[in-house]
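The values are calculated or read from the model by the stated rules, or taken from the named source; none is laboratory data. The structure presented is a predicted model; accordingly, all values stated were derived computationally and were not measured. So basically every Cβ, Gly included, is an ideal-geometry build from the backbone, and we count neighbours across all protein chains shown.
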Amino acid sequence: MKWKPDSSFDTHVLAAGNIAAMAAAETTSSKTAALLQDLLRFDTTNPPGRTIEQAEYLKRIFDAAGIPNEIVRTPDEGRAHFIARLKGDGSKRPVLMAGHSDVVPAERYMWTVDPFGGVIKDGFIMGRGAMDFKGGQAVFARAMLMLAESKIPLARDVIFLAEADEEAGEYGTGWLAKNHWDKIDAEFALNEGGWIFRDKAGVTRQVNITTRDKIYAGLKLQVLGRPTHSSRPMPDSAIGRLTLALAKISVWDTDPTLTPQTRAYFEALSKTTEGPLAADLATLGKSEDPTALREAGKRVSEQGDYPLLWHALMRNTVATTAVKAGVKENVIPATAEAYINIRLVPGSVPWDVLKQVEAAIGDPSINVSLATTMSEAEDREYYDKATNAAASSTETDLYKALAESSKKVWPEAQVVSALFEAGTDALAWRQRGVPVYGIYPYPLDNDTLERMHGNDERISIKSLDEGTEMIFDTLSKVAGNNQLT
Ligand SMILES: [Zn+2]
């Protein structure tokens, strides 16, 4: 029988099972949650990344609140940014909050609810983008609407930006900054990034405010073999050698690479963690012994409360994300290729990881190179600049307000500056010298965290309400004109 890849998974059977499991609809009195439900009902999957209808919806909300706003159209008619500006007296420069409107695709048949239905289940709002980042967008929008309602006199403008093309595409914040910088220029900005951890007992223990992001890079593995008829297989085919190389990479890992910031982060975590893990986290915070670091890192990555996150924060990560080979079922192909995505800790450059990957594979017939469209000199310049870029200062009024407001809403939490394990569209501001702080403004546990970009993405209504309170309090502190109140 011939292999037919398209029929190998019967997705409709799965879908029917899941729909049958759907619970009766729940409702909410939370204004942030209700706003998020509405936002989730716009399918802004990127690609194609159509955000114009969501922008028009936001426009109606801010118009009704009397807050000046506009839709900024891009050369692609479906992709639009939305910007609202609550005016201050101009004695201080603006504060900006950015939350992206686009979302990654959802594999619908793997969900137990409609990912674009804005469904509530067991006290959680479910849907693609619930936590990344329509939840944050709803929190930022509600906090700004509350600020307008409060009539607190403001020393600076408060800007709310719902941006397009964060997950992919060419008309994101880079395009917006280049073409409309005056609309988004600010003294400092708030974006997605740090995590607020809630422990198993439901107590919020940690608030992480990210002050920089890991650096994105990629490696390409290429193997050249002899093409021939598949009836006469050979031991050294291109696919065979690539498969062996990828198998080695999948069971190998980089050693911990810690920076002063990530050391302080693990040290702080050790103080809010109980049991033997606390000692391992403290080792990551202090030890200079490579063996001790490796062993503690392994245990934390396997048994920690947030295993994948902590694994990623302590090292340069490598993940095979694409494999390309084969032209026809009965041809042994001449070439096979794979793509390895790497996320670098500041201070590292991709060439360090390239050498480690080559050594781990141990097969000189496999060509490992940097996946790039730039010249080597341009790459060197780009990565040198990226890896040496300074973190946003923790001494600004915005950082201090975030820290104080977090302590007010979650008195048992420690507030720590952190590295973001992924990337964001904050570069548009950072490159122009504007400090950017990252936060997913709601407490969550590891289960909720790992649904991000996965199935049944969700955020709890309680977390949304607490986050709204925290951001409202932050805005009141950082933008409120204290002399007048
Ligand atoms: Zn995001």
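Here is the figure for region 304-356: residues that are hydrophobic (A, V, I, L, M, F, W, C), in a loop (DSSP other than H, G, I, E, B) and more than 30 Å from Ser231 (Cα to Cα) total 3. Checking each residue in region 184-201 for being within 16 Å of the ligand (Cβ to nearest atom) and charged (D, E, K, R) picks out only Glu192. What are the residue pairs meeting all of these: first residue in region 168-192, first residue assigned by TED's automatic domain parsing to the domain that holds Asn46, second residue among the hydroxyl-bearing types (Ser, Thr, Tyr), Cβ atoms under 6 Å, and 6 or more apart or on different chains? From residues that are assigned by TED's automatic domain parsing to the domain that holds Asn46, the pairs are Tyr171/Thr74; Phe188/Thr396; Leu190/Tyr437; Asn191/Thr424; Glu192/Thr424; Glu192/Tyr440. Checked against the criterion of being under 25 Å from Asp122 (Cα atoms) and either surrounded by 18 or more Cβ atoms within 10 Å (Cβ to Cβ) or hydroxyl-bearing (Ser, Thr, Tyr) (or both), the candidates Val478, Val409, Val416 yield just one match: Val409.
Are any residues in region 82-108 touching a helix residue (DSSP H, G or I) at 6+ places or on another chain (Cβ under 8 Å) and aliphatic (A, V, I, L, M), and if so, which ones? If the condition is that a residue be touching a helix residue (DSSP H, G or I) at 6+ places or on another chain (Cβ under 8 Å) and aliphatic (A, V, I, L, M), then Ile83, Ala84, Leu86, Val95, Leu96, Met97, Ala98, Val103 are the ones that fit. Check region 136-157 and report whether any residue there is among the acidic types (Asp, Glu), in the same structural domain as Ala426 (by TED's automatic domain parsing) and in contact with a strand residue (DSSP E or B) (Cβ under 7 Å, 6 or more places away or on another chain). Looking through region 136-157, at least one residue is among the acidic types (Asp, Glu), in the same structural domain as Ala426 (by TED's automatic domain parsing) and in contact with a strand residue (DSSP E or B) (Cβ under 7 Å, 6 or more places away or on another chain). Considering region 156-183, the residues that are small (Gly, Ala, Ser) and surrounded by fewer than 20 Cβ atoms within 10 Å (Cβ to Cβ) include one that is farthest from the ligand (Cβ to nearest atom), namely Ala177. Based on this model, can you work out whether Lys220 counts as at pLDDT 95 or above and not assigned by TED's automatic domain parsing to the domain that holds Ser417? Here the answer is yes, as Lys220 does meet what is asked. Among the residues of region 375-384, is any under 23 Å from the mean Cα position of the chain (by Cα), touching a residue at least 40 places away in the same chain (Cβ under 8 Å) and closer than 26 Å to Lys248 by Cα? Within region 375-384, not a single residue is under 23 Å from the mean Cα position of the chain (by Cα), touching a residue at least 40 places away in the same chain (Cβ under 8 Å) and closer than 26 Å to Lys248 by Cα.
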